[in-house]
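Data block below; observations after.
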Amino acid sequence: MAAVFPAAVTAAPFLLEIAEQPDAFPLARYSALGLLDEFLTSDPFAGFNRVDGTPLCCAVADLIRTRRPFLESLGKPGRRLLQEADEHWRFEVTEALRDADQLLVFGTLAGRFPGTVVRGEVQQSGVLCTATVEYQPTGVHGDACVRVDHLPLSAGSVLRSAECGEREH
């Protein structure tokens with residue numbers, strides 16, 4: 001059906017455990033990684049696209065990123081899965097400063113902004129915004145800064161990719 005369901009978020013840790021088994025058959029390991037990749041790239045059905053307010057693909061990406069050292073050790077297949085996961089970015093606000101009619105927002109980025117201007121969604125409220133990236137971290141996670149127009153954000157707020165929240169089968 002080329003669709004993903006909320007159960008994918010529950011299944012992802014088990015698939016990661018299968019892949020991490022030191023004596024795992026290569027076919028089992030790469031099948032588990034392939035399913036995780038499908039969870040990131042397949043669209044969910046309308047009404048079944050979130051778990052606890054988080055788009056399914058982003059929830060799976062968060063789980064994948066927790067296993068970064070192991071996945072990097074697998075070479076190309078693991079790095080490819082991490083690259084896919086990093087497209088489903090998560091920006092947690094640690095500080096927000098008013099700058100004229102804009103808000104300068106500092107925080108921790110997991111993943112990678114796809115460009116200098118991104119469409120974001122405030123996870124808690126679903127409010128959409130456009131943010132200009134002032135600086136990205138030097139790696140795939142770390143401190144970053146964005147500038148947003150007229151959007152009340154405070155420490156603890158989480159921005160995610162608006163495109164992920166809009167995906168539907």
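So that you can scan it fast, the table gives a plain yes or no per residue for (1) in contact with a strand residue (DSSP E or B) (Cβ under 8 Å, 6 or more places away or on another chain); (2) open to solvent by 30 Å² or more (accessible area, probe 1.4 Å); (3) among the acidic types (Asp, Glu):
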| position | (1), (2), (3) |
| --- | --- |
| 31 | no, yes, no |
| 35 | no, yes, no |
| 40 | no, no, no |
| 43 | yes, yes, yes |
| 49 | yes, no, no |
| 54 | yes, no, no |
| 63 | no, yes, no |
Query raised in the report: Is it the case that residue 80 is in a loop (DSSP other than H, G, I, E, B), open to solvent by 70 Å² or more (accessible area, probe 1.4 Å) and either among the aromatic types (Phe, Trp, Tyr) or out of contact with any strand residue (DSSP E or B) (no Cβ under 8 Å at 6 or more places or on another chain) (or both)?
Result: no
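Yes or no, residue by residue, for (1) farther than 30 Å from residue 30 by Cα; (2) within 17 Å of the chain's Cα centre (by Cα); (3) not in a helix (DSSP H, G or I):
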position: 60; (1), (2), (3): no, yes, no
position: 64; (1), (2), (3): no, yes, no
position: 70; (1), (2), (3): no, no, no
position: 93; (1), (2), (3): yes, yes, yes
position: 103; (1), (2), (3): yes, no, yes
position: 112; (1), (2), (3): no, yes, yes
position: 119; (1), (2), (3): yes, yes, yes
position: 142; (1), (2), (3): no, yes, yes
position: 147; (1), (2), (3): yes, no, yes
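Scan segment 149-169 for residues that are open to solvent by less than 50 Å² (accessible area, probe 1.4 Å) and under 17 Å from the mean Cα position of the chain (by Cα) and jot them down. Outline the logic, then answer.
In the first step, residues of segment 149-169 are kept if they are open to solvent by less than 50 Å² (accessible area, probe 1.4 Å); the result is 151, 153, 156-162, 164-165, 167.
Selection gives 156, 157, 158, 159, 160, 161, 162, 164, 165, 167.
Counting just the residues of segment 13-29 that are open to solvent by less than 70 Å² (accessible area, probe 1.4 Å) and of a type outside the set (A, V, I, L, M), which one comes out modelled with the highest pLDDT? Working first, answer last.
Step one: of segment 13-29, the residues open to solvent by less than 70 Å² (accessible area, probe 1.4 Å) are 13, 15-16, 19-20, 24, 28-29.
Those left that are additionally of a type outside the set (A, V, I, L, M): 13, 20, 29.
Details: 13: 97, 20: 94, 29: 93.
Checking each candidate, the answer is 13.
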Query - Any chance residue 121 is touching a residue at least 12 places away in the same chain (Cβ under 8 Å), crowded, with 21+ Cβ neighbours inside 10 Å and acidic (Asp, Glu) - result: yes
**Report entry** Matching residues in segment 1-12 - criterion: being open to solvent by less than 80 Å² (accessible area, probe 1.4 Å) and either more than 14 Å from residue 85 (Cβ to Cβ) or not in a helix (DSSP H, G or I) (or both)
**Finding:** 2, 3, 4, 6, 7, 11
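The values are calculated or read from the model by the stated rules, or taken from the named source; none is laboratory data. From a predicted model like this one, the values you see are computed outputs, not experimental measurements. Neighbour counts run over all protein chains shown; Cβ positions are idealised from the backbone, glycine included. With ligands, DNA and RNA removed, areas are computed over all heavy atoms of the protein, side chains included. Shrake-Rupley method; radii C 1.70, N 1.55, O 1.52, S 1.80 Å.
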